[in-house]
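Here is the structure we will look at, set down as structure tokens.
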Amino acid sequence: MSHVIVEAKTSLKGSVCVPGDKSASHRAVILSALADGTSTIEGLSPGLDVHGTATIAAQLGASVAIDGSVVSITGPRDGLVASATPLDCGNSGTTIRLLSGVVASVAGRHTLVGDHSLSRRPMDRVAIPLRLMGASIGGEGERETPPLTIDGSNLSGIDYTVPVPSAQVKSAILLAALRASGDTVVRESLRTRTTTEDMLRHSGVTLTSTPEGEGRVIHLRPGRPSPQRWRVPTDPSQAAFFAVLGLIASNATIRILDVEASPERIGFVSVLQRLGGDVVVERGDGIATLHVASSALTATEIHASEIPSVDEAPILSIAAAAATGVTAFRDMGELRLKESDRFAGCMLLARSVGATTWSDGDDFFIEGLGSAAQFSSFAIDPGLDHRMVMSAAVAGTAGRGCTIENPETVSSSYPGFFHDLAQLA
């Protein structure tokens, strides 16, 4: 499929349940492979990114079996071993960064590679702390882009302050620390998602997390995870696409079911409510159902600290384009280091529908059109960026349609996206 034509829809009703959370899925696979025994995983993300992580776990000696909707992973009794072939991380920054921490203590040489997009993404922020722990790691150029070569060695615990908030960097250090000599302390100045810490504790690893200002101090004692029965919740960052769709479409009421509801993961909800969105959060035990309905949006200011991974920035750009007034996106420099340059991509999305954009340093601004009914029809090539594809599809559905080149990249995270979108019409 070289392109897809998205038609505008006047009425959108119904419920949607997005796929399993990618963050939790990657970590469930990795912790299961590290454990001594068999773990089961339900609700695993069906995307290619997580499939790639599972494939690498098998290359490193874990046994992976699929029975219907349940994945069973058995970690080798004597621990993971080096693979004779490269570890292909595809398009997934999470895979390459977390696996770097894992293999840093696995004896032998490991080569981690990726696709054209991933091969342009800098890995220096992971390489620096892993070297401080004693790892031998090298990439291409000053920013250490893939392929990465890692020679597994004995590691030592460190006390490390993450310079730029990143759940992936934090997680790489914590995973490396499982087999280090001595405890490891990770300090973050801004709180990022706690998926890794929560799942490590759940699997029996001794870990404490203490608030400090706007950040946290995480203390981990080395140890091997124990086998678990994992149940992966649905992905909040995928839910954001349907939440924005329900707000900007002219006649919509949408329910988004069973969304993982930790504060760091659903920060986009408070942003949408501040924009004037009719979003009701029905909370359950660690999950929530989001009820959204068509709304007149008004511009606001959005800071990266509200959406720590900034994964929701592209779809929030579409919300800003439908709002009245100028929305400011603050401290969004991290967007330049994603699957594509999403900093430029967010402005491209907004301009594509007819909004006005400009930037100043790490801030960018979108002057909205007042409603999605004012959007222009457009065509866009998002490259290899799945979030750009889905954001464009939302804009086309709520606006006046669009043509999207290379839409198949959604398979990296949400293979059924276009099917679920069609079901709401």
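The values are calculated or read from the model by the stated rules, or taken from the named source; none is laboratory data. From a predicted model like this one, the values you see are computed outputs, not experimental measurements. Neighbour counts are summed over all protein chains in view; Cβ atoms, including those assigned to glycine, are modelled from backbone coordinates with ideal geometry.
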Checking LEU98 against (1) crowded, with 19+ Cβ neighbours inside 10 Å; (2) touching a strand residue (DSSP E or B) at 6+ places or on another chain (Cβ under 9 Å), only one condition comes out false. Which one? (2)
Residue in region 176-227 that is nearest to ILE158 (Cα to Cα), counting only those that are surrounded by fewer than 17 Cβ atoms within 10 Å (Cβ to Cβ) and acidic (Asp, Glu): ASP183
Determine the pairs where a residue that is in contact (Cβ under 8 Å) with a residue 40 or more places away in the chain, located within region 3-16, has a partner that is acidic (Asp, Glu) with Cβ atoms under 7 Å apart, the partner being 6 or more residues away or on another chain. HIS3/GLU405; VAL16/ASP420
Could you tell me whether region 265-278 includes any residue that is among the charged types (D, E, K, R) and either buried (at least 20 other Cβ atoms within 10 Å of the Cβ) or not assigned by TED's automatic domain parsing to the domain that holds ALA372 (or both)? yes
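Criterion first (surrounded by fewer than 19 Cβ atoms within 10 Å (Cβ to Cβ) and out of contact with any Leu (no Cβ under 9 Å at 6 or more places or on another chain)) does ALA65 satisfy it?
Numbers: surrounded by fewer than 19 Cβ atoms within 10 Å (Cβ to Cβ): yes; out of contact with any Leu (no Cβ under 9 Å at 6 or more places or on another chain): yes.
The answer is yes for ALA65.
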For region 312-330, the count of residues that are surrounded by fewer than 24 Cβ atoms within 10 Å (Cβ to Cβ) and either in contact with a Phe, Trp or Tyr (Cβ under 6 Å, 6 or more places away or on another chain) or modelled with pLDDT under 95 (or both) equals 2
Could you say whether any residue in region 160-170 is crowded, with 19+ Cβ neighbours inside 10 Å, of a type in the set (D, E, K, R) and at pLDDT 95 or above? yes
